[in-house]
Amino acid sequence: MRPWFERRPLLLASEKEAVAAGYSTLYFVVADGVARVRGGLPIRVGSTVVDHFQIEVRLADDHPTSHPVAREVGGRIAPLSEHHLNDDGQICLFLPEEAYAHWGAGATVRSFLEGPVNSYFVGYLHYRAFGIWPFGERRHGLDGSLDFYQERSGITTPDGVVSLIELLARGRIKGHWPCPCGSNLPIRSCHPGALNLRETVSTSIAEATLGRVREALRKAADSV
Amino acid sequence: MTEQDPNAYLEAVLRAQTLTDDSDELTALRARRTEVDRLLRDGFSDSTPTLRYAGSKAKCTMIRESFDLDITCYFGRDDTAAGETLKDIYTNAADVLEREYFVERKPSALRLRSKTPSRDDFHVDVVPGRFIDGDDGDVFLYRHSVDKERQKTNLDVHISHIRDSGVRPAIRLMKLWNVRNAVNVKTFVLELLVIDLLSKKRDENLSDQVLHVLTAFRDDSSSLCVQDPANPGGNDLSDALNDTVKLIMAVAARNSLARIESGGWETLFGAALVPNDEERCNALRNAPSIVTVQSKPWRL
């Protein structure tokens, strides 16, 4: 299949125009079947520019369905796990389960840069200056995902959380069904927050998390 | 502001790029220098290598946004404890440094990466070499993985050529331009180009100097060339300024000049400047109540 930017040249033009209007030191590179944005990103706290970082943002092959991914390419951020970088240098901007808040309908590369990318770098600079991530941070790996489901559903037991993820991965969860927490009450009257997750967590994201849960359980069983 | 006083604006850009002596960045850089220094002196305890800052720290062209730690480690002409040949010195220095760092062998330098990832934001390059005579500063460097295994150079000549060029502000701005626009011309080559292009324009104001350099990059890129002042005939820099590099420079310069023409200097170096450390800290401290889109980072 032809790349998205060949199928949708107007979308590419509009993305380019929006980035150029907001950032004079960022530019598009379309090569090898991939569209990227590169250059210097001013990091803003309100109207104050507190720093600049060299970045590369790769647009997804199915853009604009999936969100882009960002890397800091100037070598300024040490590859420490506390800096929320994956081993391949990709910045972990947010949990997959929270992507909906940053890449929904109408999202653009510019909104991505102004939103989670800027937020990450502000957070990083704050962390370097004061030792904490100002907007919070998720625990690494599966723990961070499980925290998310606990917070949003109110279900606190590990078994209950995993049962909830299984329901979301199946793509079906109804208010009158027994609550995954094990209470035997209907979900709507026990943990109604679990129902809201239908709107934001896609089946594929829940499946991926469930896969990591099973992998972790398998490893735990092997080590016993 | 920029339309009335572009020079004041550019000087403010440079102030924001200046690292004070007590800044976190320079403190970390000095600490790393001390570590590397100790490692090399312990590793070559039978020798007395001359260890010095090189690069932008020595040449006074450092910019906050992109700086490295460059250290030269030169051994005396008759000092064979570090190695009989230049290649031995290079290899032995790499072995010593590998006790505490991952070492990437670059053509002349050894690039260090911490085995325990550090918070420092800069690269560390160590350049081993051997003095040719005694006191004039000329050294031979080993050239790793290139045809010509030996290169003559002179750190003092490099430093004085750039530090005393009279155009350091323009050099620093062009380094910032190089970084911000991801042009990626080698810093040494860029410095030499700026000095050469401004050789008869040292007394002009900063904005005119930068415009002159950008115009030359745009209009005369094919005729640009540089010579190593420490070894004009012997150190060929042409590969660092090949046709592809020239083309990238020309395109970036054309875009930059068009932006300056249509929107003023702020379109090139940013509408708002990175404030001083105190303002920056205040802005960051208030970030939770100011930044509207807030995300919680994670790691797979």
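Ordering B:G83, A:Y23, A:G115 by Cα displacement along the dipole of the protein assembly as shown toward the positive end leaves A:G115 in first place; charges were set at the Cβ atoms of Lys, Arg (+1) and Asp, Glu (-1). Within chain B, the longest segment free of exposed loop sites, counting GluC sites (Glu not before Pro) that fall outside DSSP classes H, G, I, E and B and have at most 16 other Cβ atoms within 10 Å, spans B:205-300. Helical content alone sets the calculated 222 nm signal of the protein assembly as shown at -13000 deg cm²/dmol, taking -39,500 (n - 2.57) per DSSP H segment of four or more residues and averaging over every residue. Annotation note: trypsin sites (Lys or Arg not before Pro) in the range A:116-205 located in DSSP loop regions with a Cβ neighbour count of at most 15 within 10 Å are A:R139, A:R172, A:K174. Solvent-accessible surface, computed for protein heavy atoms with a probe of 1.4 Å, shrinks by 50 Å² or more for the following residues of the range B:43-65 when the other protein chains are added to the isolated chain: B:E65. Averaging sequence separations of C-alpha pairs under 8 Å and six or more residues apart, then dividing by the length of the range B:1-70, give the relative contact order as a whole percent. It comes to 32 percent, rounded to a whole number.
For B:N235 and A:A20, a Förster radius of 30 Å and the Cβ-Cβ distance give a FRET efficiency of 0.15, rounded to the nearest 0.05. Could you tell me which of the pairs B:K57/B:K246; B:K57/B:K87; B:K87/B:K152; B:K59/B:K87; A:K16/B:K186 are separated by over 19 angstrom between their Cα atoms in the structure shown? With Cα atoms farther than 19 Å apart: B:K57/B:K246; B:K57/B:K87; B:K59/B:K87; A:K16/B:K186. Under the criterion of Cα pairs below 8 Å and six or more residues apart, the relative contact order for the range B:33-157 equals 22 percent. Charged side chains reduced to their Cβ positions (Lys and Arg at +1, Asp and Glu at -1) give the protein assembly as shown a dipole of some 1620 debye around its Cα centre. In this rough spin-label picture, where each label sits 7 Å from Cα along the Cβ direction, the B:T50-B:N7 distance is 3.9 nm. Residues of the range B:173-192 losing 20 Å² or more of accessible surface, assembly versus chain alone, probe 1.4 Å, please list them. Residues passing the criterion (a loss of at least 20 Å², heavy atoms only) are B:V179, B:R180, B:N181, B:A182. Taking Cα atoms only, the orientation of helix A:141-153 departs from the longest principal axis of chain A by about 70 degrees. Axis angle, to the nearest 10 degrees, between helix A:203-223 and the longest C-alpha principal axis of chain A: 70 degrees. Qualifying GluC sites (Glu not before Pro) in the range A:27-102, where qualification requires a DSSP coil assignment and no more than 14 other C-beta atoms within 10 Å, are lacking entirely.
Using the Kirkwood radius built from alpha carbon pairs, what does the Stokes-Einstein equation give as D for the range B:216-284 at 20 °C and 1.002 mPa s, in µm² per second? It diffuses with D of about 143 µm²/s by this estimate. Using a probe of 1.4 angstrom and keeping all protein chains present, the accessible surface of the range B:148-226 works out to 43 square angstrom per residue.
Ligands, DNA and RNA left out, the 1.4 Å accessible surface of chain B is 46% carbon and sulfur atoms. A 1.4 Å probe run over the protein chains yields, for the range A:97-217, 45 Å² of accessible area per residue, whole-number rounding. Note on B:N242 and A:V29: their simple-model spin labels are 1.6 nm apart, each label 7 Å out from Cα toward Cβ. Computed about its Cα centre, the charge dipole of the range B:162-203 is approximately 100 debye, with only Lys, Arg, Asp and Glu carrying charge at their Cβ. Taking only the Cα atoms of the range A:124-224, the ratio Rg/Rh comes out at 1.06, with Rh defined as the Kirkwood radius.
Over the C-alpha trace of chain B, radius of gyration and Dmax come out as 21.2, 64 angstrom.
The mean number of Cβ atoms from other chains found within 10 Å of a Cβ in peptide A:74-86 is 5, as a whole number. Rounded to the nearest 0.05, the FRET efficiency derived from the C-beta distance between B:K148 and A:A220 at R0 = 35 Å is 0.05.
Annotation for the A:B interface, with buried accessible surface near 4100 Å², both sides summed [1.4 Å probe; non-protein components not counted].
For the protein assembly as shown, just list the percent of Cα-Cα distances falling in each 20 Å bin from zero outward, please. For the protein assembly as shown, the binned pair fractions read 19, 46, 28, 7, 0 percent. Can you give me the angle between helix B:206-219 and the longest principal axis of chain B, using Cα atoms only, in degrees from 0 to 90, rounded to the nearest 10? It works out to around 80 degrees. Rounded to the nearest 20, the Cβ-based charge dipole of chain A about its Cα centre (Lys and Arg +1, Asp and Glu -1) stands at 380 debye. So for the pair A:D88, B:N184, with labels modelled 7 Å out along Cα→Cβ, what separation do we get in nm? For A:D88 paired with B:N184, the spin-label model returns 1.8 nm.
Computed in the context of the full set of protein chains, the accessible area of the range A:32-109 at 1.4 Å probe radius has 46% of its extent on carbon or sulfur.
How large is Rg/Rh for the range B:181-300, to two decimals, with Cα atoms and a Kirkwood Rh?
On the way: Rg = 19.5 Å, Rh = 17.4 Å.
Result: Rg/Rh = 1.12.
The values are calculated or read from the model by the stated rules, or taken from the named source; none is laboratory data. Since the model is a prediction, treat every value here as computed from it, not as a measurement. Every residue, glycine among them, receives a Cβ derived from its backbone with ideal geometry; neighbour counts consider all protein chains shown. Surface areas here come from the heavy atoms of the whole protein model, side chains and all, with no ligands, DNA or RNA. Shrake-Rupley method; radii C 1.70, N 1.55, O 1.52, S 1.80 Å.
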